[in-house]
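Single-structure report; data block below.
The values are calculated or read from the model by the stated rules, or taken from the named source; none is laboratory data. Quantities reported herein were computed from a predicted structural model and do not represent experimental measurements. All Cβ positions, even for glycine, are placed from backbone atoms using ideal geometry, and neighbour counts span all protein chains on display.
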Amino acid sequence: MNRLTLALIAATLLAAPAAHAAGADRPVELASLQTSTAKTGWLQVLSEGKPAKAKARARKDVNISPIQRELIAFDEKATPGTIIVDNSDRRLYHVLGNGIAMRYAVSVGREGFIWTGTNTVSRKAEWPTWNPPEDMRAREAKKGHILPISMEGGIQNPLGARAMYLGSTIYRIHGTNQPSSIGKAMSSGCIRMANEDVEHLYANVNIGTKVVVRD
């Protein structure tokens with residue numbers, strides 16, 4: 001059986017649950033899976049993400065994560081669609097159901113700003129405006145960094161290309177203008193993703209999605 005046939009079989013098996021998890025009319029994109037820890041079988045068949053990466057590099061408003069997202073086997077019990085952020089390994093898991101999840105590298109809160117809890121996505125925004133909290137502005141001013149009261153969305157905006165707001169808190173899952181921070185604990189509590197990855201997740205997440213942040 002050739003590679004194309006295997007890929008078509010895998011896509012057929014996954015299309016229904018993936019679309020349900022995404023809450024959209026199109027299936028979740030199964031791409032960007034090159035990794036030394038990729039599972040055998042059809043996960044390896046779907047391990048080519050070159051077209052998506054080439055397209056992203058052609059865009060000036062998108063940065064690429066230094067750690068590629070992966071479709072992985074996921075044995076934990078969680079409702080399809082759930083987002084799980086693991087602070088210790090600095091990864092975000094979007095549970096697709098059927099024993100699989102999309103795993104993204106993220107930046108989490110640095111020492112003194114890390115947190116855990118459960119909430120839901122209450123709002124979504126494309127190229128969001130950044131309104132740094134007053135305590136952040138005061139904190140940065142002591143370091144000689146003067147932050148704006150408000151900053152319109154754009155490639156230089158710290159919130160990046162997309163933002164998913166968590167309940168009524170000040171925290172968000174959002175893009176970044178510092179892709180080098182991905183995989184590290186460098187944020188003020190928000191969950192940072194490279195713009196390429198946050199656009200990918202954003203397209204497959206609905207308002208009301210459960211978000212679990214854990215150690």
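A few remarks follow.
- Candidate set from the range 114-144 (those that are under 16 Å from the mean Cα position of the chain (by Cα) and aliphatic (A, V, I, L, M)); member that is surrounded by the fewest Cβ atoms within 10 Å (Cβ to Cβ): Ala125
- All positions within the range 72-87 that are among the small types (Gly, Ala, Ser) and over 16 Å from the mean Cα position of the chain (by Cα): Ala73, Ala78
- Members of the range 165-185 that are farther than 10 Å from Val106 by Cα, of a type in the set (A, V, I, L, M, F, W, C) and either touching a Lys or Arg at 6+ places or on another chain (Cβ under 9 Å) or modelled with pLDDT of 95 or more (or both): Leu166
- Screening Ser188 against (1) of a type outside the set (Asp, Glu); (2) at pLDDT 95 or above; (3) surrounded by 16 or more Cβ atoms within 10 Å (Cβ to Cβ); (4) under 16 Å from Arg90 (Cβ atoms) leaves a single unmet condition, (2).
- Residue list for the range 137-179, restricted to those being in contact with a Leu (Cβ under 6 Å, 6 or more places away or on another chain) and over 29 Å from Gly208 (Cα atoms): Arg137, Glu140
- Of all the listed residues (Ala58, Ala38), the sole one being at pLDDT below 95, surrounded by fewer than 19 Cβ atoms within 10 Å (Cβ to Cβ) and under 20 Å from Arg162 (Cβ atoms) is Ala58.
- Being part of a loop (DSSP other than H, G, I, E, B), in contact with a His (Cβ under 8 Å, 6 or more places away or on another chain) and hydrophobic (A, V, I, L, M, F, W, C) is a condition met by no residue of the range 160-183.
- When the criteria are applied in full, Val198 fails the requirement of being at pLDDT 95 or above and in a strand (DSSP E or B).
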